[in-house]
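Accompanying notes for the structure given below.
The values are calculated or read from the model by the stated rules, or taken from the named source; none is laboratory data. Fair warning: this is a prediction, and the values are worked out from it, not measured in the lab. Here the Cβ is made from the backbone with ideal geometry for all residues, glycine too, and neighbour counts use every protein chain on show. The area values use the complete protein model at the heavy-atom level, side chains included, leaving out ligands, DNA and RNA. Shrake-Rupley method; radii C 1.70, N 1.55, O 1.52, S 1.80 Å.
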Amino acid sequence: MVKELNISPVGRVEGDLDVKVYMENGVVTRAHTQAAMFRGFEKIMEGKDPQSGLIVTPRICGICGGSHLYCASSALDTAWKTTLPPNALLLRAIGQATETVQSIPRWFYAIFATDMANKKFANKPLYAEVVKRFSAYVGTSFQKGVTASGRPVEVYALFGGQWPHSSYMVPGGVMCAPTLKDITRAHAIMNFFRNEWLESIWLGCSVERYLQIQTWDDLLAWVEENESQRNSDLGLFIRASLEFGMDTFGQGVGKFLAYGTYLHKDLYNKPTIEGRNKALISSSGFFDGEKYHEFDHLQIMEHVKHTWFEDVPAAHPWNEPLPTPVPSQNLEQTNFDGKYSWSKAPRYMGHAAEAGPLSRVIMNANPANLEHQFRDPLFGDILKQKGPNVFTRALARMHEAPRLYEMINKWLSEIRLDDEFYIKPKEQDGKGFGATEAARGALAHWIEIENGVIKNYQVVAPTTLNVGPNDDEGKSGPIEAALMGTEIEDPHDPVEVGMVARSFDSCLVCTVHAHDEKTGKKITEFKL
Amino acid sequence: MINIPGCPAHPDWVTQILVAISTGRIGDVLIDDYHRPKTFFTEFVQTGCTNAVSFAQKIDGHFGKRGGCLFYEVGCRGPMTHASCNRILWNRQSSKTRVNHPCLGCTEPGFPHHDLVKGSVFKTMKYLGFLPRDVPAGNSKLGYYLRAGFEKTMGKVEKIVGVNRELYKHSK
Ligand code: SF4
Ligand SMILES: [Fe+2]
């Protein structure tokens, strides 16, 4: 018997994603993701001052604003051929990293882990402990984790003035010129974050100890090493995930894309698109399931056959027209053979590829990474042993916290207070590309400036990559693909569908071509 | 109706109004013409700005430079924007203007201002190449230009003769 399920919304914090799945005998056989509102940010910038992206694009998303700013300033750096002082690259990296670290506990406790307290798992031995800690609002770790998430962005505010929605990264550097007391306070705040949550609640060990883990077996041994690690939130998360079978569903397309981020202070002082890959500290790349390919932004094409935009052939963002919307339908009236989402369908070398922390840590395991880049084999091994699934995606997200904590302190210590923070650039026409890794994955901006104003501005957000619809050839987007084959235990409460979608952290506010919902209304209504 | 403007609004602006309501103080919540609560939106972003002394002395600030006011070159809208960003700090730490980030005027109608036309982003729009197009609230343009011209010249004189030097010294 074929059953049809409409679930809306799937996102818990901002925006919503409508999902339509078809099931046969309790298994998802077909899935469609619908981003439900036109946003038009790219259109806003047409004909405007070339620096408009610095003000407009951070406002695409309330939780990735710093990432958009990183892209917007980098796109102008490459178009204007600026010179960037080391201090500016450090302060931009610190901004990006603090925003990402902020998102780690916030996403885990407020969005992801509450699903583990779903009654679906009530018959599992660890369920009682999971409920005690991870239940929404009342869990013993919930408030602590969410509160701790506000600390790293205090550091962002010391250099950016505020988080979210600062525009402190500008072509040629940064606006701020911090003093000693800003740096020392930033160290102190990060220290507080470590003591308050990272080591005490999350790891149950020191950051240094955790970073010694190299393989999946190491990680399992780490869990059992002592009571403190076993009973930490990470220890519990790993044990419960395996017990609950969260490592058995949500595989997805098995292809991974990362643009990389954190441009090295001494390797990107003359920003160019060609020089970017080698200057990254967290490396970029495309992993096709078997081998790594060097990242080349020219391999990205956006498809709109199933998007509510006028049909144009699939094209690279520089060659795309600014989108022209066509009439849309609500979920019930949508014909999924035609246009059904506000999100475009980006493809890399023709493939749907997953973006996100898992893609990043897979790139970090690339044996070809350079000396100054992250060289962390753990997720190369985990991918071999466990494959991609809901659990490994969430684990990848959490795995970044200790390393970024360490890097933020390192970068703070490298700032030289007597040196420059900004070098005034010469404005000129041209094309630019800026990219980064937002907390939830690869993010890029493309700009074309003509006659001193913006001719074309294109944003491809990680959520576009992940929630995008079918492409011109009818191939599914990553979340659509990850949902297929998922076994749903109780069609009246299809928690598995939500878990798969949320393992991608599909923050729809992040999708430029998608829906921004204002209400903070918490819980999903499952309609049947 | 109460409007809490800002892109974004400061969380305290929202929550403190809720606290006012829940503690029976709704009668103390006065609102202005745009229905903004006066307690947050009567004074200007400039109130409490650490560059206010430089504003008075007409000392230019710029990106990557310590000290100086952002009004003259990089388009700060602090003097004409009602908001308490420099009194209730962001993320408990700072504000845009404290880190050399020009105020964008996001609590005022018309944001983003000048419709982002060429030359309006992080640049002070000027008449005749030197007179700021937007002048601090409460000033007629002519009156402001006359006084500003005088004070700006005086500021330089004072700098040369070393008067008030303490006020515009900065250290890392
Ligand atoms: S114009 Fe801006 S930088 Fe200058 S004192 Fe006023 S608020 Fe501060
Ligand atoms: Fe986002």
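Points worth noting:
- Answer from B:VAL45, B:VAL53 - the residue that is in contact with a Leu (Cβ under 6 Å, 6 or more places away or on another chain), away from ligand 2 (no atom under 16 Å from the Cβ), touching a residue at least 40 places away in the same chain (Cβ under 8 Å) and farther than 17 Å from B:MET1 by Cα: B:VAL53
- Total residues in the stretch B:28-76, condition basic (Lys, Arg) and not assigned by TED's automatic domain parsing to the domain that holds B:PHE111: 2
- Selection within the stretch B:69-93 - in a loop (DSSP other than H, G, I, E, B), within 10 Å of another protein chain (Cβ to nearest Cβ) and over 11 Å from the mean Cα position of the chain (by Cα): B:VAL74, B:LEU89, B:ASN91, B:ARG92, B:GLN93
- Residues of the stretch B:127-141 satisfying the condition of being surrounded by 15 or more Cβ atoms within 10 Å (Cβ to Cβ) and under 23 Å from A:PRO425 (Cα atoms): B:PRO132
- From the list A:GLY47, A:GLY65, the lone residue that is over 30 Å from A:ALA501 (Cβ atoms), of a type outside the set (Phe, Trp, Tyr) and either within 12 Å of another protein chain (Cβ to nearest Cβ) or within 16 Å of ligand 1 (Cβ to nearest atom) (or both) is A:GLY47.
- Checking each residue in the stretch B:20-63 for being among the polar types (S, T, N, Q), surrounded by 13 or more Cβ atoms within 10 Å (Cβ to Cβ) and more than 16 Å from ligand 1 (Cβ to nearest atom) picks out only B:THR39.
- Residues that are surrounded by 19 or more Cβ atoms within 10 Å (Cβ to Cβ) and within 16 Å of ligand 1 (Cβ to nearest atom), drawn from the stretch B:100-119: B:ASN100, B:HIS101, B:PRO102, B:CYS103, B:LEU104, B:GLY105, B:CYS106, B:THR107, B:GLU108, B:HIS113
- Check on A:GLU480, open to solvent by less than 20 Å² (accessible area, probe 1.4 Å), at pLDDT 85 or above and away from ligand 1 (no atom under 16 Å from the Cβ): yes
- Set B:PHE130, B:PHE71, B:PHE122: member being more than 10 Å from ligand 1 (Cβ to nearest atom), at pLDDT 95 or above and either over 19 Å from A:LYS48 (Cβ atoms) or not β-branched (Val, Ile, Thr) (or both): B:PHE122
- Looking only at the stretch A:61-71, and only at residues there that are farther than 17 Å from A:ILE94 by Cβ and crowded, with 23+ Cβ neighbours inside 10 Å, the one that is farthest from ligand 2 (Cβ to nearest atom): A:ILE63
- In the stretch A:485-507, the residues that are farther than 26 Å from A:ALA439 by Cβ form Cβ pairs under 9 Å with partners that are open to solvent by less than 10 Å² (accessible area, probe 1.4 Å) and assigned to a helix (DSSP H, G or I), at six or more places apart or across chains, as follows: A:GLU487/A:GLU496; A:ILE488/A:VAL495; A:ILE488/A:GLU496; A:ILE488/A:VAL497; A:GLU489/A:VAL495; A:GLU489/A:GLU496.
- Looking across the stretch A:75-115, just one residue is open to solvent by 10 Å² or more (accessible area, probe 1.4 Å) and in contact with a strand residue (DSSP E or B) (Cβ under 6 Å, 6 or more places away or on another chain), and that is A:THR78.
- Unmet criterion (only one of (1) more than 10 Å from chain B (Cβ to nearest Cβ); (2) surrounded by fewer than 24 Cβ atoms within 10 Å (Cβ to Cβ); (3) under 23 Å from A:LEU54 (Cβ atoms)) for A:ASN451: (1)
- Search result, residues across the stretch B:8-19 that are in contact with a Pro (Cβ under 9 Å, 6 or more places away or on another chain) and either within 14 Å of another protein chain (Cβ to nearest Cβ) or open to solvent by less than 50 Å² (accessible area, probe 1.4 Å) (or both): B:PRO8, B:TRP13, B:ILE17
- Search result, residues across the stretch A:232-255 that are touching an Asp or Glu at 6+ places or on another chain (Cβ under 7 Å) and open to solvent by 10 Å² or more (accessible area, probe 1.4 Å): A:PHE249, A:GLY252, A:VAL253, A:LYS255
- Residue within the stretch A:194-201 that is within 12 Å of chain B (Cβ to nearest Cβ), out of contact with any Cys (no Cβ under 8 Å at 6 or more places or on another chain) and outside any strand (DSSP E or B) present: no
- Within the stretch A:396-413, one or more residues are within 20 Å of A:GLY289 (Cα to Cα) and away from chain B (no Cβ under 14 Å).
- Some residue of the stretch A:121-144 being among the acidic types (Asp, Glu) and at pLDDT below 95: no
Here's the yes/no breakdown for (1) within 14 Å of chain B (Cβ to nearest Cβ); (2) not β-branched (Val, Ile, Thr):
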site	(1), (2)
A:LEU69	yes, yes
A:ALA72	yes, yes
A:ARG92	yes, yes
A:SER103	no, yes
A:THR114	no, no
A:TYR127	no, yes
A:ARG133	no, yes
A:VAL153	yes, no
A:ALA157	yes, yes
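- Only residues that are within 27 Å of A:GLY150 (Cβ to Cβ) and in a helix (DSSP H, G or I) were counted in the stretch B:11-68, giving 15.
- Some residue of the stretch A:29-40 being within 14 Å of chain B (Cβ to nearest Cβ) and under 23 Å from A:ALA75 (Cβ atoms): no
- Any hit, the stretch A:92-101, residues being in contact with a His (Cβ under 8 Å, 6 or more places away or on another chain) and more than 16 Å from ligand 1 (Cβ to nearest atom): no
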